[in-house]
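Contents: one structure, followed by commentary.
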Amino acid sequence: MIPRFFLSLLCATATAHALDLFVSPNGKDTWSGQRPRPNFSRTDGPLATLAAARDVARQSKAQGPVRVIVGNGRYTVTEPLALTAEDSGITFEAAPGAKPVFSGGRLITGWHRAPDGLWQTHIPDVAAGQWRFEQLWVNGRRATRARTPNQFWFYMLGVREDVLEKGNPRRAKAARQTVWFRPEDFHAVDGLTNDELRDVNLVVYHKWDNTRRFIDQLDEREQSLITTGGGMKSWNAWTRNTPFFLENFRRALDAPGEWFLSRDGTLSYKPLPGEDMTRAEVIAPVAAKFIVINNAERVTFKGLAFRHAQWLTPTEGFEPMQAAAVIEGVVQADGARRVTFEDCEFSHVGTYVIWFRKGCRENVVRRCLIEDFGAGGVRIGETAMPKTEAEQTSHNVVDNNIIRHGGYIFPCAVGVWIGFSPDNQITHNEIADLFYTGISAGWRWGYAESNCKRNNISFNRVHHIGKGVLSDMGGIYTLGPSEGTVVTNNVFHDIYAYSYGGWGLYTDEGSTGILFENNLVYDTKTGGFHQHYGKENIVRNNILAFSKLDQLQATRVEPHLSFTFDRNLVYWTTGSLLGSRWGQVRSLTRSNCYWNTTGSNVTFAGKSLADWQSLTNDLGSVVADPLFRDAARRDFRLRPGSPALAIGFKPFDSTRAGVYGNPAWIAKANKAAYPPLAIAPEPSPIPVHDTFEREQPGATPRSFAAHIEGKGDAIVVTDETAASGKQSLKVTDAPNLQRAFYPYLHYQVRHSEGTVRNSFDLRIEKATHLGFEWRDSGSTYQTGARFEIRNGKLNIAGAPPFDLPLNEWIHFDLTGGLGNASAGHWTLTVTLPGKPPKTFPNLPYAKPKFNTLQWLGFTSSATTKTVFYLDNFSLSVTP
C-alpha cells in the first residue's frame, strides 16, 4: 500500500511536471519511488519492482509522460508485469550507466560432490511438488538436460499408429503410437522402472516439425515404446528411420554439461572440465513470462535485460506445429500501439521471446539482443485472418537486432515470424544459429485471401540455419498471397537441412507477388532459390552461389506465370544447375549469368544453352565466369570486366546487411563462433522384412512413405488377403487423379556398397498398372532396377513381355550390385503359383550411372478403379 502522504504529494506535482520514478534492488514498494536512493532515515526512497512503479504511476494520475528509471542490479521476477490502457505513456529505462537485469530464475546453491563424481544439491520445493523446471543455466551457459544419445539421435525401426478418436481423414484426433527401436538402441531404456519412465521425454524430429511426448510404457519383448497423443499428420508422419532421442532420466546423465532433476528434489550435474560448482552461478527458471501488454500505447522499455524464463512440458506433450505457432512469448502483447523495446536484452528463455499478437500496430523492437531461446525470436500477427480492422496487427518494426542461438526446445520455431499481418519492416537484423527457418512471412497455404502484404524484409544477415536437424526450410520462407512484399539486400548463408529443403530463398504454398532483389545467397544444401508453387514472384539481380545439390528448383507446374528469374548470377562447384520441374514450370527467365567453377559443361535440363534458348528460355543469358574477386573466400564483389555487367546486373554492397551503428554493437554481432557443421551418421543398414502383421487393418503403413490424393485412392493395411500370415498392403487406384503416378509408396534407404537382394509378393488385377524402381536421390535421380506390370503382363527392358496370373500371389526376387560391386546390371526371378521360378538374368540398369540405392518404391498409373496387393517386402545388402 502506498502511504497517503506520498500519493497526495504525487498528485500535487504531477499536473505541472512529468513524473520520474526510481526503482532499485535496495528499494521498497511501500516507498514513494521519487528518490533514486534511500534517505538517511530510510523512510523513503526508490521502489523495488516495476509493478510497484506502474501502480504508483496509475495512482498519481500524472498528466504528462511517466518515466521509471531503473538502477543497476539484479531483480527477481515471479510474475509478469501487466500493462493495460491506463499505463499508456510510461517509459521504463535503465539509469545512466546501469545494466539492470530482471531474472525469472532462482539461484541454486548448496552443491556437494557425490561419490560418483557428479555434483548434487537438494531442492526442498521440488521434493514437495511445488516447483520443477526443464532448463538450467550454469555460468550463463544453457546446460543439457540428460539425454541419450548424447549427440544426434536414434532412428526408428518401425512405427504403428492405433486410432483412439477419429478426426479428419488426414489426422486422427487421438492415437497411440508404437515405436520400435533398432536392436542396438533399446538397451538405453531397457529395465527402466515405471517411476523413471513417467518423466522421460520422447523427442521426435520429422521434416519441418518436432514432437515432444511422454512415454506410456516399454515393451521389452518387442523392443518398443508406446506413447499417446494426437494422431500423426498423414503428410508428416513418423516413419522408419525417423530421428528421435530420449530426454530426462538418470541413466542418461553421462556426458559433461548434462543435468538431471529427480522428483525427490535431487539436482545432479556432471561438470565440464574445470567447473567448480561451489563457485558456479547456477540458475533455474521459475517465471514463465516477463511482460503482458493489453491495449497499452506509447510504452517504452530501454536498456533493460530480461533473463531466465520457464517452459514446462504439459502432460499431453507438444504436438507438431509448423514454426511452433502455438508457443507464446515471454513478452506477449495484444492491442499494443507504439510500444518500443530499445537496447534491451532477452535471453535464457524456454519459448518465443516477443509476440505482437492481436491488434498490435506501430510497435518497435530496435537494437535488442535476443539470444538463447527455446523457440523463436519475434512474432508478428496471428495464425488466422483478423475478423475486424481493430484486430489486425500491422506496421511494426524489427530493426537492428541480434537474434541468435534458439530453437533449443522447439527447433521448428523461426527467428522472425510474420503471420497474417501487413506493412511490417524486418530490417538490418542478425539472425543466426537456428534449426529451422530464419524469417517466415505469411500463413496462408494456397491462393485464398491473406492480408500478409507489403512487408519489407531487407538488409538482414541470416545464417547457420537448419544445422542438419530439420528439413524443408529457408533462410527466408514465404506463404500465400503477399503482393507488395519485398525481400531485398539480405545475405543468407550456411543453410543446411537434414534431408531435403535447405534453400536460401523459398517461396512455398501459393506465395504471390513478392520481389526478391539484391540478395546474396551462398553455401546452401538444396538450392539458392526454390519455388514450390506460387504466382508472379520476381527474382532479380541476386547472387546465388555454392549450393551443394541443385542450384535452382521449381516444383509444381501451374497454368499461370509462376515467377520471373532475371539478371541473377548463379555460381556453383557441386551439384546440378536445375532441379525438380524447373524446365516444366511456366516462368520467364532472362539475362542471367551461369558458371560452374569445375569447367564442366553447363546444361539446362539436359540441354545446351542454345537449345534451351530455342525454347524461349533464358534469352539474353550467358554461361560465363562472373569474375568475383575471391569467391573461394566468399568475396562476391565483381572485378573489372565482369560479363555480369553486360547482361544488366547491378552490383550491390552486401556488407550493408546486418546490424549497424555503434562499432561495439557490430562487433557483438560478429563475435559469436559457429562450429563446423556436424552431420549425423546415416542409419546403419538393417535388413527390411515387412509382413504388415503389426499394423491395424485400415491403417497407413509407417514403414513405407505413402502418397495419395484422397480422391478414392488409398494405401492401407488389409486383412482381405495375404501371401502369408493374415495381412497385406492394399493399394487402390482411382480415375481422375491429378498425378498420373499416384498413389505411390516408397522406402527411403541409404546403401552405397554391396549386393542388394530385394523380394516381395504381389497380387494384381487386369486393370493394374504399376511400376517398381530402384533409385538414388536428387531431382535428377539415376534409376537402377525397373519393371512395369500392365494388362496382366510383366514388362522389363531387354526381355519380352511375360504373362502373369490375375488374383493370385506372385513372388519377385531382385538382385543387383552397388558401388564397387555394381556390374551395371540386375537379375529378376519371378515365381508363379505351382510353377518353377523364371529368371531374367543380366538386365541392364535403366541408367548406367546408377550405383547407390536411396529410394525404392511402387507407383500406380491406372486410370480406372483397381487394386493391387503387396506382402512380405524384404531388402538386404551384403557387403
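Summary of values
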read-out: Principal axes of the chain: Cα extent on each, largest first, Å; value: 107, 71, 53
read-out: Unit charges on C-beta of K, R, D, E only; dipole of the stretch 489-610, Debye; value: 320
read-out: For the stretch 261-413, Kirkwood radius (reciprocal of mean inverse C-alpha pair distance, Å); value: 16.8
read-out: Magnitude of the charge dipole, the stretch 336-449, Cβ model with Lys/Arg +1 and Asp/Glu -1, debye to 20; value: 300
read-out: Given Lys28/Lys99; Lys28/Lys358; Lys233/Lys766; Lys730/Lys847, the pairs whose alpha carbons are separated by over 26 Å; value: Lys28/Lys358; Lys233/Lys766; Lys730/Lys847
read-out: 222 nm mean residue ellipticity, helices alone, for the chain (DSSP H n ≥ 4; -39,500 (n - 2.57); rounded to 500); value: -1500 deg cm²/dmol
read-out: Area of Glu430 that stays accessible when all protein chains are in place (1.4 Å probe, Å², to 10); value: 0
read-out: Most to least accessible of His769, His825 (protein chains only, probe 1.4 Å); value: His825, His769
read-out: Simple label model, 7 Å out from Cα along Cβ direction - Ser684 to Gln584, nm; value: 4.0
read-out: Diffusion coefficient, µm² s⁻¹, Stokes-Einstein with Kirkwood Rh over alpha-carbon pairs of the stretch 485-606 at 37 °C and 0.692 mPa s; value: 235
read-out: Backbone HN-Hα couplings from phi across the stretch 578-595 [Karplus 6.51/-1.76/1.60, Hz, Gly and Pro as x]; value: 10, x, 6, 10, 3, x, 9, 5, 6, 8, 10, 10, 6, 6, 9, 10, 10, 8
read-out: Extension gain, Lys387 back to Arg263 (0.36 nm per residue minus Cα-Cα distance, nm); value: 40.1 nm
read-out: Protection proxy ranking of 465-472, 101-108 - average other beta-carbon atoms within 10 Å, highest first; value: 465-472, 101-108
read-out: Hull shadow area, averaged, the stretch 725-879 [alpha-carbon convex hull, nm²]; value: 9.4
read-out: Net charge of Cβ neighbours under 15 Å - reference Thr839; Lys, Arg +1; Asp, Glu -1; value: +2
read-out: Residue (of Ala323, Cys368, Trp208) at the positive-pole extreme of the chain, dipole from beta-carbon charges; value: Cys368
read-out: Space enclosed by the convex hull of the alpha-carbon atoms of the stretch 810-870, per residue, Å³; value: 120
read-out: Carbon and sulfur %, accessible surface of the chain computed with the full protein complex present, 1.4 Å; value: 50
read-out: Gain in span if fully extended, Ser41 to Trp235, counting 0.36 nm per residue against the direct Cα distance; value: 62.9 nm
read-out: Relative contact order computed over the chain (Cα-Cα under 8 Å; 6+ residues apart), in percent; value: 7
read-out: Dipole of the stretch 620-765, positive end: most advanced residue of Pro701, Thr691, Trp665 [Cβ charges, Cα centre]; value: Trp665
read-out: Within-13-Å neighbourhood charge of Thr783 [Cβ basis; K, R +1; D, E -1]; value: +1
read-out: Dipole of the chain [Lys/Arg +1, Asp/Glu -1 at C-beta], most positive-end residue of Pro411, Ser728, Gly265; value: Pro411
read-out: Mean Cβ neighbour count within 10 Å, used as a protection proxy, ranking 27-35, 215-223, 662-670 highest first; value: 27-35, 215-223, 662-670
read-out: Total formal charge among the other residues, if their Cβ is under 13 angstrom from that of Arg639, Lys/Arg +1 and Asp/Glu -1; value: -1
read-out: The stretch 242-313: GluC sites (Glu not before Pro) falling in loop per DSSP and having at most 12 other Cβ within 10 Å; value: Glu281
read-out: Probe 1.4 Å, protein heavy atoms only - accessible area per residue of the chain in square angstrom; value: 40
read-out: Gyration tensor verdict on the stretch 33-90 (Cα atoms; rounded if a/c is under 1.5, prolate if a/b is larger than b/c, oblate otherwise); value: oblate
read-out: Taking the stretch 822-879 and dividing mean pair separation by its residue count, relative contact order in percent (alpha carbons under 8 Å, at least six apart); value: 27
read-out: Area of His348 that stays accessible when all protein chains are in place (1.4 Å probe, Å², to 10); value: 30
read-out: Cubic angstrom per residue, convex hull over Cα atoms of the stretch 568-680; value: 172
read-out: Reachable aspartates and glutamates from Lys726, criterion Cα separation under 17 angstrom, eight or more residues apart if same chain; value: Asp690, Glu693, Glu695, Asp761, Glu808, Asp871
read-out: Lys535 accessible area, 1.4 Å probe, all protein chains in place, Å² to nearest 10; value: 70
read-out: Amide H contacts of Gly104 (H built 1.01 Å from N, under 5 Å, at least 5 apart or other chain); value: Val77, Arg307, His308
read-out: Test item: Cα-centred dipole of the chain, Lys/Arg +1 and Asp/Glu -1 on Cβ, debye; value: 1540
read-out: Accessible surface ranking that places the most exposed of Leu875, Leu638 first, with a 1.4 angstrom probe; value: Leu638, Leu875
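The values are calculated or read from the model by the stated rules, or taken from the named source; none is laboratory data. These numbers come from a predicted model, not from an experiment. With ideal geometry, Cβ positions are generated from the backbone for all residues, glycine too; neighbour counts draw on all protein chains shown. Each accessible area value is taken on the protein alone, full model and side chains, heavy atoms only, with ligands, DNA and RNA left out. Shrake-Rupley method; radii C 1.70, N 1.55, O 1.52, S 1.80 Å.
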